[in-house]
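Scroll down for the structure; my scribbles are underneath it.
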Amino acid sequence: MQIVSVQGANIVFYLTITESDGTKTPTTVNGEIGKSNLHGFIIPAYLNVGDSFQEATYTTNITGTEERILGGEVRQIISGPVERMNGVTVYWDRTTGLLVEASDVKLVGTNIWQVDSQLFTFLVSVGEKTYEVSAKSNSSVSDLSFIETLKELRFTVNGESGTTGFCNITIPADLIWGELSIYKDDYIITKDVDYTQSNNGTHHFLQITYNHSTHVIEIRGTEAIPEFPSFIIFPSLIGVTLVGVIILKRKRYNKPLI
């Protein structure tokens with residue numbers, strides 16, 4: 001499948017179908033995404049569970065979401081039963097709307113993810129430990145910092161005004177955890193509308209979308225690793241207290257008798 005032309009919601013692509021016996025059938029497909037019959041190969045992007053889209057005379061409802069590793073990276077996948085395929089569940093990449101699996105069709109490789117995004121890697125040091133936070137985005141991502149008192153990661157995204165931006169950020173689960181809240185320019189944004197969230201036990205995966213300009217993104221947890229763990233702070237306080245007691249006793253001992 002090769003994208004040939006995109007004008008607004010109208011798209012043209014070449015499609016070559018290879019049968020099990022090796023026979024190849026090339027064809028050209030064109031239409032308007034979400035209205036014309038594109039055979040389900042491309043649907044509107046950024047749909048969530050509960051959304052639906054129209055294709056020819058059929059309506060498909062999005063009923064599921066999951067994560068898969070496709071094309072070398074973790075992707076958010078949406079799915080739903082397609083009426084014209086007798087209710088067979090079909091799967092699409094949420095960010096691009098590209099078909100990834102349907103009965104005997106399955107995506108095994110693509111260069112779409114790499115076309116308009118780049119990887120940003122940041123090292124966050126807390127005490128003696130260093131954490132790697134990575135972001136894949138079509139924006140410029142900069143100024144990432146960890147604010148311990150707020151249990152918050154903060155960074156800036158920037159892109160060409162009038163375009164849609166996205167940032168897929170991966171955060172170690174032992175840096176911040178608990179209930180996560182996402183803010184854009186100090187305003188909280190809505191889960192499953194402005195962003196999606198998942199966790200594999202070791203990392204949080206957040207996919208955030210926005211209209212491009214310059215934005216400050218804040219990711220706050222209800223828990224975060226402290227700069228000085230309590231098991232270090234507590235003995236230190238005891239040590240300071242003991243020193244104070246020893247000094248006080250010495251002063252009393254050296255006090256002259258009257």
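Taking 30 Å as R0, compute the FRET efficiency from the Cβ-Cβ separation of ASN200 and VAL88 and round it to 0.05.
0.60
Taking 4 °C and 1.567 mPa s as the conditions, I'd like the Stokes-Einstein D for the stretch 2-113 in µm²/s, using the Kirkwood hydrodynamic radius from alpha carbon pairs.
D, rounded to a whole number, is 89 µm²/s.
Taking the Cα atoms only, what angle lies between the long axis of helix 230-254 and the longest principal axis of the chain, rounded to 10 degrees?
With both axes taken from Cα atoms, the answer is about 10 degrees.
Work out, step by step, the length gained on full extension between SER145 and GLU73: first 0.36 nm times the residue separation, then minus their alpha carbon distance; give nm to one decimal.
23.5 nm
Could you give me D for the chain, from Stokes-Einstein at 37 °C and 0.692 mPa s, where the hydrodynamic radius is the Kirkwood radius over C-alpha pairs? Units µm² s⁻¹, please.
Answer from the Stokes-Einstein relation: 151 µm²/s.
Mean shadow of the stretch 116-224, computed from the convex hull of its alpha carbons, in nm²?
6.5
Taking the Cα of SER181, stepping 7 Å toward and past its beta carbon, and measuring to each backbone N in the stretch 137-159: which are under 18 Å?
Once the point is set 7 Å along Cα→Cβ of SER181, 147-155 turn out to lie under 18 Å by backbone N, inside the stretch 137-159.
Once you place label points 7 Å from the Cα toward the Cβ at LEU15 and ASN111, how far apart are they in nm?
Output for this residue pair reads 2.2 nm.
Which pairs in the list LYS151/LYS191; LYS136/LYS191; LYS24/LYS106; LYS35/LYS184; LYS35/LYS191; LYS129/LYS184 are over 22 Å apart, alpha-carbon to alpha-carbon?
Table pairs above 22 Å Cα-Cα are LYS35/LYS184; LYS35/LYS191; LYS129/LYS184.
Assuming R0 = 22 Å, what is the FRET efficiency of ASP192 and ASN30, from their Cβ-Cβ distance, to the nearest 0.05?
0.10
Between SER161 and VAL126, what is the spin-label point distance in nm, taking each point 7 Å from the Cα along the Cα→C-beta axis?
In this crude spin-label approximation the distance works out to 3.7 nm.
Let me know the charge dipole size of the stretch 141-225 about its Cα centre in debye, to the nearest 20, where only the beta-carbon of Lys, Arg (+1) and Asp, Glu (-1) is charged.
Here the stretch 141-225 has a charge dipole of around 100 debye.
What's the magnitude of the charge dipole for the chain around its Cα centre, counting Lys and Arg as +1 and Asp and Glu as -1 at the beta-carbon? Answer in Debye, nearest 20.
That gives a dipole near 1480 debye.
Residues of the stretch 29-55 with amide nitrogen under 16 Å from the 7 Å Cα-to-Cβ point of GLN2?
In the stretch 29-55, the label zone of GLN2 (backbone N under 16 Å from the point 7 Å along Cα→Cβ) covers 29-30.
Every read-out reported here was derived from the displayed coordinates using simple, explicitly stated rules and does not represent laboratory data. Because the structure is a prediction, the values reported are computed rather than measured. Methodologically, a virtual Cβ is constructed for each residue, glycine included, from the backbone with ideal geometry; neighbour enumeration extends over all protein chains shown.
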